[in-house]
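Below you'll find the structure, written out as structure tokens, and then a few comments.
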Amino acid sequence: MGQRTYHDPLHGAIRLDHDDPAEALAIDLIDTAPFQRLRRIRQLGPAFLTFHGAESSRFTHSLGVLHLARQALRQLELQDPSLAEQRACLLAAALLHDVGHGPLSHSGEEMYGMRHEAWSGRLIREHPALRDRLEREQPGLAAEVADLLEHGQHPRAAIAALVSSQLDCDRMDYLLRDSYSTGTRYGQLDLERIQAALTLAPDGSLALHPKGLLAVEHYLVVRHLMYRTVYNHRLNVVCNWLLQRLISVARRLGPRRVWADRTMARWLWEPGELDLESFLANDDIRTGYHLLRWSEEGEPELADPCRRLLDRQLLRAVDVADLGPAERLELLAEARGLAERAGLLAEGCCGLHQRQSLGYLAYKGGLRLWDGQRLQALEQRSALVRGLTERIEMAWLIHPAEVAEALRQRLALRLAAARRQEAT
């Protein structure tokens, strides 16, 4: 039947062969409605409001992950030909790893309170188009793929690591793709050297030959920088806060005061009872349309965050990580007081966003080096990697532009007082 070709901006021509059983399976899965829906899910959620090129989709990313997984498996098959028996499972898992994403990807998870891994597993187990095609390929394959995506479990540890680990194919593709689409220059990974260094440890798990150490160090530094400059960019924080805020308000106001079509009503007020049809019916288009309607017809506390997002009249965010928890709350109270005096809805435009960036998790699926004689944890060999294990505290005070100057002055006074106290 020949080949099908997807021309990818990063990887070039991704060719799938109808005469290859595992690749024919991938083609059929790509053609299903649940996978085609990923064309309507932005890879980076609302980040296009910060980085105007960030318009790529989960569909494009998933094809890239499939491509890298196929390449990585070829490398490992040279060392253990029996891994070829897992080819259908690996390619299906790589392709479908994000099929359970809701609108706006990770932002949607925080907005609606859901885990895409759980929905990916459920869709694979229950949706006829996915389940039946996987079962026709191999009885039990649907459950095997679902378990791999939900729990990172597989009888062959190397297969599990290619799907979910510190150096999985998902991470390698999204770092490259997100760097490309946002116009940042950090994500120039040496994929060829990394994949050439993939090897199997004596216990059958994934490891790296020391010849790839520099390329993997570079990869981990790139990931660190992308999280600091793109994923945790202050305006991304603001957009996510506004999205969570508007969904919270819509849920609180209820169906009598908020217009919603049947699908959105289920997502808002019956999230625990979502069926497959209702889940798949929501995407960036439907959620975006509701934001538009609410901006025009919603009550002020709902309309305001919607308008701010649609018109890109975003709130500001100031870094308050150097303040203690109590001082952050005091400054938030001051910001709300300033906003109220400016005639604004204080609760709707002032908030705190706090989290820790965990860095490289050496203790949870950390990478190992294997040269054929010695198995060694990556952080034992690399001082650079050890430095990336440190947690970074992040705290942003979100506020409207109208109070930004007064708030900056108060923050400066608090920081100066804290420095004086430290000096005494």
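The values are calculated or read from the model by the stated rules, or taken from the named source; none is laboratory data. Keep in mind that this is a model prediction, so the values were computed, not measured. Ideal geometry is used to build each Cβ from the backbone, glycine not excepted, and the neighbour counts take in all protein chains shown. With ligands, DNA and RNA removed, areas are computed over all heavy atoms of the protein, side chains included. Shrake-Rupley method; radii C 1.70, N 1.55, O 1.52, S 1.80 Å.
Just a few scattered comments:
One line per residue, one yes/no per condition, for (1) part of a loop (DSSP other than H, G, I, E, B); (2) free of Cβ contacts under 8 Å to residues at least 60 places away in the same chain:
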site: Ala335; (1), (2): no, no
site: Leu344; (1), (2): yes, yes
site: Gln354; (1), (2): no, yes
site: Tyr360; (1), (2): yes, no
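Let's see how each residue does on (1) within 24 Å of Val318 (Cβ to Cβ); (2) at pLDDT 95 or above; (3) under 15 Å from the mean Cα position of the chain (by Cα); (4) outside any helix (DSSP H, G or I):
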position: Ala215; (1), (2), (3), (4): no, yes, no, no
position: Val222; (1), (2), (3), (4): no, no, no, no
position: Ile247; (1), (2), (3), (4): no, yes, no, no
position: Arg252; (1), (2), (3), (4): no, yes, no, no
position: Pro255; (1), (2), (3), (4): no, yes, no, yes
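- Applying a threshold of 6 Å to beta carbon distances and a minimum spacing of six or more residues, or different chains, the list of pairs starting in the stretch 4-22 at a residue that is of a type in the set (Phe, Trp, Tyr) and ending at one that is surrounded by 11 or more Cβ atoms within 10 Å (Cβ to Cβ) reads Tyr6/Ile14; Tyr6/Leu63.
- Residues of the stretch 367-407 classified as in contact (Cβ under 8 Å) with a residue 60 or more places away in the chain, in contact with a strand residue (DSSP E or B) (Cβ under 7 Å, 6 or more places away or on another chain), open to solvent by 40 Å² or more (accessible area, probe 1.4 Å) and not in a strand (DSSP E or B), total: 2
- The C-beta contact set for the stretch 45-63 (first residue under 16 Å from Val237 (Cα atoms), second residue among the β-branched types (Val, Ile, Thr) and part of a loop (DSSP other than H, G, I, E, B), distance under 9 angstrom, 6+ apart or interchain) comprises Phe51/Thr184.
- For the stretch 230-245, the set of residues classified as aliphatic (A, V, I, L, M) and modelled with pLDDT under 95 consists of Val230 only.
- Number of the exception - Trp259 against (1) touching a residue at least 24 places away in the same chain (Cβ under 8 Å); (2) within 24 Å of the chain's Cα centre (by Cα): (2)
- Any hit, the stretch 182-193, residues being acidic (Asp, Glu) and surrounded by fewer than 18 Cβ atoms within 10 Å (Cβ to Cβ): yes
- Positions within the stretch 287-346 being open to solvent by 20 Å² or more (accessible area, probe 1.4 Å), more than 30 Å from Arg419 (Cα to Cα) and within 28 Å of the chain's Cα centre (by Cα), in sequence order: Gly288, Tyr289, Leu292, Arg293, Asp304, Arg307, Arg308, Leu310, Asp311, Arg312, Gln313, Leu314
- Scanning the stretch 408-424 for residues that are open to solvent by 100 Å² or more (accessible area, probe 1.4 Å) and not in a loop (DSSP other than H, G, I, E, B) yields Arg408, Gln409, Leu413, Arg419, Arg420, Gln421, Glu422.
- The listed residues are Leu162, Leu130, Leu148, Leu95, and the only one of them that is in contact with a strand residue (DSSP E or B) (Cβ under 8 Å, 6 or more places away or on another chain), under 23 Å from Arg58 (Cα atoms) and at pLDDT 95 or above turns out to be Leu162.
- Qualifying positions in the stretch 1-55 - under 23 Å from Phe279 (Cα atoms), more than 23 Å from the chain's Cα centre (by Cα) and exposed (fewer than 14 other Cβ atoms within 10 Å of the Cβ): Asp31
- Breaking point among (1) modelled with pLDDT of 95 or more; (2) of a type in the set (Gly, Ala, Ser); (3) more than 25 Å from Ile27 (Cβ to Cβ), for Ser105: (3)
- Filtered residues of the stretch 224-255 (kept if free of Cβ contacts under 8 Å to residues at least 60 places away in the same chain and of a type in the set (Lys, Arg)): Arg251, Arg252
- Pairing each residue of the stretch 314-325 that is in contact (Cβ under 8 Å) with a residue 40 or more places away in the chain with any residue that is of a type in the set (D, E, K, R) and in a helix (DSSP H, G or I), provided the two are 6+ apart or on different chains, yields C-beta distances under 7 Å for Leu314/Arg308; Leu315/Arg308; Ala317/Arg234; Val318/Arg408; Val320/Arg328; Leu323/Arg414.
- Extreme residue, nearest to His116 (Cα to Cα), among residues of the stretch 38-78 that are in a helix (DSSP H, G or I), in contact with a Lys or Arg (Cβ under 9 Å, 6 or more places away or on another chain) and among the basic types (Lys, Arg): Arg58
- Applying the criterion of being out of contact with any helix residue (DSSP H, G or I) (no Cβ under 8 Å at 6 or more places or on another chain) and free of Cβ contacts under 8 Å to residues at least 40 places away in the same chain to the residues of the stretch 64-82, the residue that is surrounded by the most Cβ atoms within 10 Å (Cβ to Cβ) is Arg74.
- Filter result (surrounded by 14 or more Cβ atoms within 10 Å (Cβ to Cβ) and assigned to a loop (DSSP other than H, G, I, E, B)) within the stretch 268-286: Leu274, Asn282, Asp283
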